Amino acid sequence: MSAPSPVFVAGTGRSGTSQLADILGEHPQIHRIPMETRFIVDPGGLRDLADALTVRCDSIVGEDALRRLSDLLTVRVPGRRDDRGRTVPEVVGERRYRDAVGRLWPQLVACAFDESAPVVGAGHSDWPAGPFEPRSHRRVIPRYFSDRRELLEILRRVVDTMFGGAAADAGKPTWCEKTPFNLLCMDFLWELVPEATIVHIKRHPVAVVASHVDQPWAPPTVDGALAWLRPVYERWLAWKATVDLTDRRYVEVRAEDLAADWPEQRRALFELLGVDDFATRSTFQSHRVEHRNDQFDPGTRDFVERALDGVIPAMGYA
């Protein structure tokens, strides 16, 4: 088989995205980037920048987007650790990460200048400035990309450097990146990496709600979890109704199906990804997928099902 395409894993969260990405990363041809990198689709990331320097570009919008991306890539991403204590620069290679980020700015900035800082204490111009008060602050004028493809090529090189380099270090020809809300950014992901395969893993929406209620980062009430999830489902379904995925590298799987017949489902999944079947150490297991089924009492489950009345069948569940 030819070299497999890169893979983005997508889902609502709590639908099996992490388990699926781990399994894909056990294949000898696919390197899993072992944590959510969060700089492609998150606010202030590459997706926002692509619009800010093209269809939305002016000096204010562009400068703001560059400032947010700088904060994301130099402060927030390197400062965030996963549950094993790792950072994104560590998992893709710290020098590689620094070099990719460092090469990015000259390609995005038209020019920079220092703007005089206002006097401290407006209305008290006679007050002397303190010894540490900045006299100016740095401003940048962004490049405007009339050809969006030029900008996307620049951003793609960042991804290739980080993810492709990490895969090469692992001795594998391609990579897999998992961020649940890749689900809502498929158009941009295919713009950025046209040959990528996006794997969308689904789980029964009631089980997804139940799992969210138990997470420390999600609303602890059923009403809150529904308010969190309903826009995700509705946005995804509205987008899917407008696109033709026939010729796209798009794979949709259900966690329940993977658990019911793992060897056969695994074989079919790897075939769709363009790689040979491989007996992975990790599997999807029915008891892990179904353990949320009885979390809600009958009344609460009925309430959730009614709240997601249109979503449940649209996602392929009776």
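The values are calculated or read from the model by the stated rules, or taken from the named source; none is laboratory data. Quantities reported herein were computed from a predicted structural model and do not represent experimental measurements. All Cβ positions, glycine included, derive from the backbone under ideal geometry; neighbour counts span all protein chains shown. The area values use the complete protein model at the heavy-atom level, side chains included, leaving out ligands, DNA and RNA. Shrake-Rupley method; radii C 1.70, N 1.55, O 1.52, S 1.80 Å.
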Out of (1) part of a loop (DSSP other than H, G, I, E, B); (2) buried (at least 22 other Cβ atoms within 10 Å of the Cβ), what's the single condition that is false for ILE198?
(1)
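Rundown of residues vs (1) in a helix (DSSP H, G or I); (2) over 19 Å from the mean Cα position of the chain (by Cα); (3) within 20 Å of ARG56 (Cβ to Cβ); (4) without any contact (Cβ under 8 Å) to a residue 40 or more places away in the chain, yes/no style:
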| residue | (1), (2), (3), (4) |
| --- | --- |
| LEU72 | yes, no, yes, yes |
| ARG76 | yes, no, no, yes |
| PRO131 | no, yes, no, yes |
| LEU151 | yes, yes, yes, no |
| ALA167 | yes, no, no, no |
| CYS176 | no, no, no, no |
| PHE188 | yes, no, yes, no |
How many residues are out of contact with any strand residue (DSSP E or B) (no Cβ under 7 Å at 6 or more places or on another chain) and open to solvent by 10 Å² or more (accessible area, probe 1.4 Å) if we restrict to the range 164-184?
7
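Are any residues in the range 259-296 open to solvent by less than 60 Å² (accessible area, probe 1.4 Å) and of a type in the set (Gly, Ala, Ser), and if so, which ones? First the steps, then the outcome.
Residues of the range 259-296 open to solvent by less than 60 Å² (accessible area, probe 1.4 Å): 259, 262, 266, 268-270, 273-275, 280, 282-284, 286, 289, 292, 296.
Passing the criteria: ALA259, ALA268, GLY274, SER282, SER286.
What do you reckon, is VAL75 under 16 Å from ALA166 (Cβ atoms), modelled with pLDDT of 95 or more and of a type outside the set (Asp, Glu)? Walk me through it before giving the result.
Values: under 16 Å from ALA166 (Cβ atoms): no; modelled with pLDDT of 95 or more: yes; of a type outside the set (Asp, Glu): yes.
When the stated conditions are applied, VAL75 does not pass them.
Regarding ARG143, is this residue open to solvent by 50 Å² or more (accessible area, probe 1.4 Å) and either of a type outside the set (A, V, I, L, M) or modelled with pLDDT of 95 or more (or both)? Break it down stepwise before answering.
Numbers: open to solvent by 50 Å² or more (accessible area, probe 1.4 Å): yes; either of a type outside the set (A, V, I, L, M) or modelled with pLDDT of 95 or more (or both): yes.
Yes: the conditions hold for ARG143.
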Would you mind telling me which numbered condition in (1) under 21 Å from CYS176 (Cα atoms); (2) in contact with a Lys or Arg (Cβ under 8 Å, 6 or more places away or on another chain) ARG248 fails?
(2)
Matching entry among ARG47, ARG38 (being modelled with pLDDT of 95 or more and within 15 Å of the chain's Cα centre (by Cα))
ARG47
